[in-house]
Amino acid sequence: MTTDALDPLIHVPALLRIVATLAALPDGDALSFTRLQKLIGLTPGNLITHLRKLEHAGYVSTEKNGSGVASHTSVALNNRGRAALDTYTAALRDLIAGL
């Protein structure tokens, strides 16, 4: 495997933290936006921006319930995101093994 397998989207530190945090959940589980924000340590605006990139790539799914103050957004890593993280970590292992 070459460094070409290092997904440039996942390679961004904040995005890697998001994907890795969501991957630690059992398959099909989700985190609330607020909980994810606290775990990652990003501002709401930064987290929204990063989640949009991951959602556009098809790596995460978000679900918003309610509206206004009572709204609740949950975020989950989907199968495509898990596969992308697996490929990324395998490429990192191969890169390190070749040193």
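Observations on the structure shown:
- The chain: most fluctuating residue of 51, 22, 39 per GNM, C-alpha cutoff 10 Å: 39
- With every protein chain in place, the chain: carbon and sulfur % of accessible area (1.4 Å): 55
- The residues of the chain expose on average 60 square angstrom of accessible surface per residue, using a 1.4 Å probe on protein heavy atoms.
- Mean ellipticity per residue at 222 nm, deg cm²/dmol - from DSSP H runs of n ≥ 4 across the chain, formula -39500 (n - 2.57): -17000 deg cm²/dmol
The values are calculated or read from the model by the stated rules, or taken from the named source; none is laboratory data. Note that the structure is predicted; figures quoted are calculated from it, not measured. Surface areas here come from the heavy atoms of the whole protein model, side chains and all, with no ligands, DNA or RNA. Shrake-Rupley method; radii C 1.70, N 1.55, O 1.52, S 1.80 Å.
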